[in-house]
Amino acid sequence: MKTTNTLKFLRVAAQIGYYGSLIFIIGFIVLSIYYLMIPISKISDSLYVSDTKLSIKLLRENHLGILIIYYFISGLKAVLIVKIWQKAKNILNKIKTQKPFTLETASAIEKIAYLMIVSGLIDFLLQCYVVYINGYINNEIKLKFTPDLSYIFAVGIVYFISEIFKRG
């Protein structure tokens, strides 16, 4: 009975994660298009890229290509996060409480781990890109570049779980 309740809870959590990530990506796309289409004079001077001093207005005005690349990489990462949640939701909907340890489930969990690796690498590249463009435009090198590498730990856990499912 506890397993069934836990599975129900995880299914709801995966649904929330999936729909939340869909709402995020729709908002991201709408805002990205909005800031690329509206007149530059209507963009606030206090709107910045990430945690830098790079204003979106400055990038749009003088470095449009850099801003488009930033939006593209960010959008790619968001799409991968939606895909991860979608796969998690699908796995949890297919799992049977009587026989959860199947090769199909193990393979799907392993694919999530690989998607997480790619998403983490894209996040790392995005952070490197922001540091680079900040240095390029503001002649400022951010010495305290500390990317969040906790995703490696999360990937390890997901991959370990997939191995448990393979062995049954």
Fill in the blank from the handout: Relative to the chain, whose Cα atoms define the longest principal axis, helix 2-37 and its Cα axis are tilted in degrees, nearest 10, by 20 degrees
Handout entry: Angle between the chain longest axis and helix 103-138 axis [Cα atoms, degrees, rounded to 10]
Key = 10 degrees
Exercise for the section: Could you state the angle between the C-alpha long axis of helix 64-94 and the longest principal axis of the C-alpha atoms of the chain, as a value from 0 to 90 degrees rounded to the nearest 10? Expected result: 10 degrees
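Based on the mean of other beta carbon atoms within 10 Å per residue, what is the order of 121-127, 101-107, 81-87, most packed first? Walk me through the intermediate numbers first.
On the way: 121-127: 16.3, 101-107: 14.3, 81-87: 19.1.
Result, highest mean Cβ count within 10 Å first: 81-87, 121-127, 101-107.
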Practice task
Once you have the Cα-Cα distance between PHE124 and ILE16, take 0.36 nm times their residue separation minus that, and quote the gain in nm to one decimal.
Solution key: 36.3 nm
Exercise for the section: Indicate the gyration tensor shape class of the range 1-58 (rounded, prolate or oblate), computed on the Cα atoms with a ≥ b ≥ c the square roots of the eigenvalues: a/c under 1.5 is rounded; otherwise a/b larger than b/c is prolate and the rest oblate. Expected result: prolate
Exercise for the section: Please give the peptides 149-162, 37-50 ranked by average Cβ packing (other Cβ atoms within 10 Å per residue), highest first, as a rough proxy for protection. Expected result: 149-162, 37-50
Completion exercise
Net charge (Lys, Arg +1; Asp, Glu -1) of residues whose beta-carbon lies under 14 Å from that of LEU36, LEU36 excluded, is +2
Handout entry: Distance between modelled label sites at TYR159 and THR3, nm, 7 Å Cα→Cβ extension
Key = 2.8 nm
Problem - P(r) histogram, all alpha-carbon pairs of the range 2-167 included - 10 Å bins from 0, percent - result: 9, 30, 28, 18, 11, 3, 0
Practice task
Using just the helices of the chain, give the 222 nm mean residue ellipticity in deg cm²/dmol: DSSP H runs with n ≥ 4 each add -39,500 (n - 2.57), and the total is spread over all residues, rounded to 500.
Solution key: -27000 deg cm²/dmol
Completion exercise
Taking 0.36 nm per residue of separation between LEU103 and LYS53 and subtracting their Cα-Cα distance, the length gained on full extension comes to 13.1 nm
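Each reported figure results from applying straightforward, stated rules to the coordinates on display, with no laboratory input. Remember, it's a predicted structure, so these values are computed and weren't measured experimentally. Counting neighbours? That spans all protein chains shown, and the Cβs are built from the backbone with ideal geometry, glycine included.
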